[in-house]
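Inspection log for the structure reproduced underneath, given as structure tokens.
The values are calculated or read from the model by the stated rules, or taken from the named source; none is laboratory data. Keep in mind that this is a model prediction, so the values were computed, not measured. Note: ideal-geometry Cβ built from the backbone for every residue, glycine included; neighbour counts use all protein chains shown.
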Amino acid sequence: MKRIATTTAAVLSLALAATACSGGQNTTDSAGGTQELKGQTVTVAAVWTGVEQANFKKVLDAFSAKTGAKTTFVSTGDNVSTIIGSKIEGGNAPDVVMVPQLGVLQQFARKGWLSPLSPQIGTTVATNFAKAWKNYGTVDGTFYGLYFKGSNKSTVWYSPQALKDAGVTIPTSFEEMLTAAGSVSDSGLPAFAVAGEAGWPLTDWFENLYLSQAGPTHYDELAQHKIPWTDPTVVKALTTLGRLFSNDRLMSGGRSGALQTDFPESVNQVFGKTPKAGMVYEGDFVSGLISGSLHKKVGQDAKFFPFPAVTGGVKPVVGGGDAAVALKAGKNPKAAMKLIEFLAGPEAAGIWAKEGGYLSPNRKLDTSAYPDDTTRQTAQSLVDAGDTVRFDMSDQAPAAFGGTQGSGEWKILQDFLRDPSTPLKTAQALETAAAKAYKS
């Protein structure tokens, strides 16, 4: 995930240097624990920092209590591919990596870096997950990635007070949303906080609009680069997105302000002490920031509505997630596989679920584990989507195109936000970058 990507503030750290810190450990016997891995250490790498890292460490603590294994967590920053590649080359590979982009998972598999997941994990996933999630974790017929953390990237979060003050109701189409945005802005508060500083939230805007306008078949074709980014459907979606991006009064700080706003700040602009916007689009993980660092009550101070369809189009359901993979170069392959087996079950998912800022595609997880009704709704919609969910498109692309800060799709859509007047030129730039990345 990107951000994702897949993704609270922690997911979006732009640090390139990996930092290591020890996970919680318990090597004493515990109820139901076999202690079969006592004396072994599992190193786990992920993009997560801050609250997300702390919550994931609680999952690792439970694994340690059950198995006796110690855990070490390494934060990769957004450039997972670069960091993991350097660690493998340096002989210091982690055992397990939580991969936030599908394209990166595919690259890792095709470079021969990954171990196939055990038959036990495959059986558990077949029981606990929709087939789509196993398909996304499978590369060239081999199952490599368990999607432990999912996301629903078709949610628009809003301040109920802001919409009430503007006298608007929940929009049911993209056109209605733009009209509502105008009313919110007329009331004295810019309608949207747009996170353009990192680039990845802009890809999520595009993907929801593209899925709605172009439909699932074209979405799948574009995700696999079977049609070019200069296809008329792409230009049409960019033109639609440009209706928002070209209107400075609809965005907090206008285009220039949006380009300087990172994801955490975009949420803060809506739900912080001094509101600067009425709405923010991003995935379900917004709730983790709202209830965590901003200390607001989700479902009361902050609500969401599904990303609305463009008139005449389908209602988009875009998902994403972080997949657990086992590196061949890791020093503890048995412990790595045991950890992923643990992550495939509802117990591991439930530990993070109760902390908030997390969704699981595991349909065996009781939604009562989530801390509030709003999160339960987003989680249930992700599970209910089943095989119809469409995985985040940029996460399916090679990292050079869809997952690297300052280049590829991230950078080109930032340029489009800066000047949305030439959607065809943007489409041409996207195709040039995509062709190069997919070729390599």
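Conditions tested, residue by residue: (1) more than 17 Å from PRO423 (Cβ to Cβ); (2) part of a helix (DSSP H, G or I).
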{"site": "GLU175", "(1), (2)": "yes, yes"}
{"site": "LEU178", "(1), (2)": "no, yes"}
{"site": "SER183", "(1), (2)": "yes, yes"}
{"site": "LEU209", "(1), (2)": "no, yes"}
{"site": "SER212", "(1), (2)": "no, yes"}
{"site": "HIS225", "(1), (2)": "yes, no"}
{"site": "VAL234", "(1), (2)": "no, yes"}
{"site": "ALA237", "(1), (2)": "no, yes"}
{"site": "THR240", "(1), (2)": "no, yes"}
Looking at ASP419, ASP373, ASP387, ASP415, which one is under 24 Å from GLY145 (Cα atoms), acidic (Asp, Glu) and either surrounded by fewer than 24 Cβ atoms within 10 Å (Cβ to Cβ) or at pLDDT below 95 (or both)? ASP387
Residues ALA302, ALA258, ALA324, ALA329: which one is within 30 Å of SER86 (Cα to Cα), among the aliphatic types (A, V, I, L, M) and buried (at least 23 other Cβ atoms within 10 Å of the Cβ)? ALA324
Of all helices (runs of 4 or more DSSP H) fully inside region 338-426, the set with 3 or more residues that are among the hydrophobic types (A, V, I, L, M, F, W, C) and either within 24 Å of PRO119 (Cα to Cα) or assigned by TED's automatic domain parsing to the domain that holds SER81 (or both) is 346-353
Of all residues in region 290-311, count the ones that are small (Gly, Ala, Ser) and either at pLDDT 90 or above or touching an Asp or Glu at 6+ places or on another chain (Cβ under 8 Å) (or both). 4
Residue satisfying all of: in region 55-83; at pLDDT 95 or above, of a type in the set (A, V, I, L, M) and assigned to a helix (DSSP H, G or I); nearest to LEU37 (Cα to Cα) among these: ALA65
Kindly indicate whether THR261 is among the β-branched types (Val, Ile, Thr) and assigned to a helix (DSSP H, G or I). no
